[in-house]
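Everything below concerns the one structure shown next.
Every read-out reported here was derived from the displayed coordinates using simple, explicitly stated rules and does not represent laboratory data. A quick note: this is a predicted structure, and the numbers were derived from the prediction, not measured. Reconstructed Cβ throughout: ideal geometry from the backbone, glycine too, with neighbour counts over all protein chains shown.
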Amino acid sequence: MRIGGVLLAAGASTRFGGRPKGLLVFRTTTFLRHLATELAAVSSPTLVVSAPTTASSFSSGILGSGARLIVNRHPERGMGSSISTAVRTLDEIAPELDALLVALVDQPLADRTLFGQLIAAAVADPARSWAASDYGNGVIGPPALFPRSAFGELAALSGDFGARPLIERERPRLALVPFPGGRFDVDVGADYERLLEVE
């Protein structure tokens, strides 16, 4: 199965005071470098989607990770526009892909083990070719794996909800992988402080 990877890192971090969350440090490395490296271990090509304002620092931050940076020229249009930018790029440079693995830069507890489990869960049951993370208590979300059949919808996305409506729509057919660490979604300073306590 040919898997492309996308790390979404173009958010404005407005609730975090505008500080790029990708450059936050956790366990001796940045969120950005950790997730780019882990995602590139299971997907090729692997894209990191940046805003224009962070492109330079993020490009330096992923050197040697195996991922490449692309820029969403309109990050103000929301997470959906970053997904659309990535899918359109992948259609040009890797049209042979079977699936797309999407991760968020503010979920630093995700790693290659989780990504591999999502891929394996989708491969194990062709009837469940979509896979998502199960945070517990009925909450699901990214990282998530999308089959080739979803690429058209992903390329048309815009807005702040990203691919969540698609994931929710497919819930009855989703392969779910436990990811309690999904609850450590770093949106505000208090979330980061809580994350550091788990080191």
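Okay, here's what the table says:
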quantity: Neighbour-count order for Leu8, Leu196, fewest beta carbons within 10 angstrom listed first; calculated: Leu196, Leu8
quantity: Long-range amide H partners of Ile140 with built H, under 5 Å; calculated: Tyr135
quantity: Cα→Cβ-extended label distance, 7 Å offset, between Arg88 and Ala156, nm; calculated: 1.5
quantity: Mean Kyte hydropathy of 0.0 or more with a Cα span along the axis of at least 24 Å, helices from DSSP in the chain; calculated: none
quantity: Mean-position separation - Cα centroids, segment 76-110 and segment 19-48, in angstrom; calculated: 14
quantity: Rounded if a/c under 1.5, otherwise prolate or oblate - segment 3-196, Cα gyration tensor axes; calculated: rounded
quantity: Per-residue Cβ neighbour rank within 10 angstrom, fewest leading, Asp185, Asp106; calculated: Asp185, Asp106
